[in-house]
Amino acid sequence: MRVKATLLAGICSSVIAFPAYAQENTDDNEELKDENIIVVTAQRQAESLQVVPIAVSAFSAEALESQQIENASDLQLTLPNVSFTKSNFTASSFTIRGIGDLCVGVTCDSATAIHLNSAPLFGTRLFETEYFDLERIEVLRGPQGTLFGRNATSGVVNVVTAKPNLNEFAAKAEFEYGNYNSIKAKGMINVPIGETLGARVAGFYLKRDGYTTNLNTGDDFDDRDMYAVRGSLRFEPTVDTTIDLMAYYFREDDNRARIQKQLCQRDPTGVLGCLNNRRDFDKLNSNSTFTGTLGSSEFLAINGIPSTFGLNSLYGPDSYANFDEPDDVRQIRTEFVPEYFTDELQLQAHIEHDFGAIQASLTGTYQESSVDSRQDYNQGIGQIPQGAVAFGTLQAFANNAAGPGTGVYFQPIVDALFDGNNLCTSDTRLDNRGAYEGFRICSPNGPQFDRSNQENESFSVEGIISSDLDGPFNFQLGGIYAKSKVLENSYFVNAFAIDYVTGILGTFGALGAGAPPGYLATSFFRNNTTGFELESFGIFAEGYLDLSDRLKLTAGLRYNDDTKSVTARSTLASFLNPFSNDGDPFDSPAAAGFDADPNTAGIQGIQSRTVSFNEITGRAVLDFQITPDNLLYASYSRGYKSGGINPPLQPIFQVPSSFAPESIDAFEIGSKNVFANGALQLNATAFYYKYKDLQLSRIIARTSVNDTIDANIWGAEIEALVRPSDKWLFNINFSYLNAQVAGDQFFSNPRDPGGGDPNAVIIKDVTNGALCAVTGPSQAVTAGFVTAVNAGLGLQGPTAFPSDGGIASTGAFGICSVLEANAPAGVSVLSPGVEVNLRGNKLPQAPELKASVGVQYTAEFDNGMTLVPRFDVALTGEQYGNVFNGNVNRIDPFVQANAQIQLNGPDDRWFVRGFVQNIFDSNSTTGLYVTDASSGLFTNIFTLDPRRYGVAVGVSF
């Protein structure tokens, strides 16, 4: 059988992709090569990496340590065509060959399948933790739709944990101290229990100071305080049966920041908030935000409310007019320090039995995970421009300025939002109670913050039958069933100004209607998924036919079936809630008229949606073993990622209620080679993808809405390992990627709703903070029309944006619905803006070039000790953080360099190591997030860690 033969041939002839750095003293070439073998399970069976016809990179435990790969951010640096970035809502994106997690939302699936011991994980916090006690990490590039199934369109990251060794007692301990008062401890103990049972326990603990300084207090934040522990049992009742049990728990409780810095090219007009040309160290113009418009004197006057209640004027200074944004990505001014908590439980059982010619395995995995994070929404401290007048007016009305007995309508606002000299903001409670129910957070300028939280539970069961026949044909058959639930998911935005506006608008509305005093609930923005369930199953088969001793055909098919159900609602100032109701506003009779789903007949308190998808995927591979050391292969694979459901919006825009599944046709050729008796390993791959309905998100009404586009992707990768002697080791990787939008794809650019049209007028809607665009035959026509309509509203006409702002249109405050209702022939009002063609644009998070080099030397001493210095440098080329491209979305190339030197004791019983990471202290940006129009279009950036250095000591026995 060729599978077994090639495994043995690979073990005798090839070297691993990323070998260990501590080597025993030997001059025996065969022994050296045997030490350097890595076996992977990229095809769900043990095979040498060099004979697997898939683009796969693998890191042994020793390689992870020698290359200072401690987490996913480090892992990306040395992998061709792989990038990783944190994202805005407690998540992250692992992108392979230009395909990543561009879809944002509860019902979205990851494009990169994350597996633990070949079993799928759902909503894992794996990317936040540190690697410890692993056997290896495998990264498979390209669709793996047959053996790994759903949502493996970009590839697979398979984390393989170390299993108990039944033959010997072993233990390891490591302690590390570094700058930022970083303390890290790792340990492992392996205990055989008789001849058939073994136990292994491992864990790590990390605590360090923060990387970011809060200039408001002088304190640091973005620290770490986390630990994880894993326990494993292995039972081998017979030589043919193995049972593995694993339990894992991870916990983090600190002030980790979800974003590193907020950047903006400030818009002096206040219409956009941030301009479209650069990302400056500056703060948005807050007159452009939801609270800047609804809290303005102009909006209140339009609604018959005294303008002196206004917190600002649309045409005057905003709350950040005098704010000084630090010109350093690791310096922030804030009154609200981040809070971060996450934990995860994993339980896994695996049994396999060898029946001789047939092997069978069954794996079950159960997960629970949660994450809860809060931080300053604008990363700044604003001052209310008209606070003295507005608060004086409020106090006067609380003293019955509107007439005898009317003070009871206004006094609850004073009581809820003021605490001495402090301004107060609603807390982020899951029961929707805030400042008006007595739950608030206060600070001198009124805190503004968001909260992103989620609770998950899931399980999966997978069975595989594989053959080991003597003839030319072998096969694998399998099936999987999985169910994943989101028990709670919310995204809050809270600010003093929101509480104030909802109180003022609600109070005047109640007073005018003769209703009891109340406010507009909720007094914060909340997009809440009250429940989500994914039910998925798949069946697959793959066959392997030896056409000759050197030529093999692989062919496989998989049927995928996914059903998703979600219940959700989005609220902000949605209904009048009496101040007398101190419970959940949705328990109030006033909430009976709230409609969470206007697209469904009748009043729906919750939006409910169910969608189903099914797809057949597969692959065909032809590989030719030129020699035992040289392999050529060509493959075609079909990948699939299920679609999903867009969340409800506030205010309502016309967007699709669901989005389509992705599909990919991938063509690949590759070669894997070992030359010069193992001195050179050279692997090369070229690929072409035809992508249909690639899912990506844009922010509309403070909510991620997902669309689909088509794309063409092609590129090449080279991985080389050079070992001229047993003392020297060189790792060299290079990749090129071209990932572009295919065909005509039209979308409005949130940063430029005018679409580059000089005749258009961009309108900031003062009723909700959204944007629309007025288009017509000439600038004179559109500007004249807007000026005329605005005059009746007490608003000014259009004004030009700065010449270096990247905006060709003019802008004005206005009301989109009023403009649309009065638009003459030839004039259009487009929400959310003019659509532009994305054809040829680069996909986000798809660096065109990547390269890395590592060099390592082992000096051997007569007493058996070794000294091993190593240096690694990695280049990540230019990329874009947004599909609309342009200079404002461009992410600069960056270089990361690491170095370490390690002294190993005889027989590797102990070591002492000195290390430095990010030698050049680069503030490398890995990704960005553009917020929506009602938040001012600022950009959040995500970076790698600053320079770290320290020493570590370890023992093993």
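Observations on the structure shown:
- Per-selection Rg to Rh, the chain - Cα, Kirkwood hydrodynamic radius: 1.00
- Label-to-label distance, nm, for residues given as Ala601 and Glu820 (7 Å Cα→Cβ offset): 2.4 nm
- DSSP-defined beta bridges in the stretch 748-837 - what % are antiparallel, rounded to 5: 70 percent
- Calculated on the Cα set of the stretch 748-837, radius of gyration then Dmax: 11.5, 36 Å.
- In Hz, Karplus ³J(HN,Hα) per residue of the stretch 46-60 (6.51, -1.76, 1.60; θ = phi - 60°; x = Gly, Pro): 6, 8, 5, 3, 6, 10, 8, x, 9, 6, 9, 10, 9, 10, 6
- Alpha-carbon centroid distance for the pair the stretch 363-386 / the stretch 573-651, whole angstrom: 21 Å
- Modelled spin-label separation between Val953 and Glu535, with each label point placed 7 Å from Cα along the Cα-to-Cβ direction: 5.8 nm.
- The length gained on full extension between Glu339 and Ala780, counted as 0.36 nm times the residue separation minus their Cα-Cα distance, comes to 153.7 nm.
- Label-point gap, in nm, between Val912 and Lys690 - each point 7 angstrom along Cα→Cβ: 6.2 nm
- Set Lys86/Lys207; Lys261/Lys564; Lys163/Lys672; Lys184/Lys485 screened for pairs whose C-alpha atoms are more than 32 Å apart: Lys261/Lys564; Lys184/Lys485
- Cβ-Cβ distance of Leu469 and Asp710, R₀ of 51 Å, FRET efficiency by 1/(1 + (r/R0)^6): the value works out to about 0.75.
- Charges were assigned to the Cβ only: +1 to each Lys and Arg, -1 to each Asp and Glu. The resulting dipole of the chain about its Cα centre is roughly 1720 debye.
- Gained length - Asn167 relative to Val229, 0.36 nm times residue gap less alpha-carbon distance: 20.0 nm
- The ranking of Glu820, Glu298 from fewest to most other beta carbons within 10 Å of each one's beta carbon is Glu820, Glu298.
- Of all DSSP-defined beta bridges confined to the chain, some 95% are antiparallel rather than parallel.
- Were the residues from Gln395 through Tyr636 laid out at 0.36 nm apart, the gain over their Cα-Cα distance would be 79.6 nm.
- The stretch 801-862: projected area of the alpha-carbon convex hull, averaged over directions, in nm²: 10.3 nm²
No value in this document is a laboratory result; all are computed from the given coordinates. In this text the structure is predicted, and so the values were computed from the model without any measurement. Cβ sites come from the backbone with ideal geometry, for glycine too, and all protein chains shown count toward neighbours.
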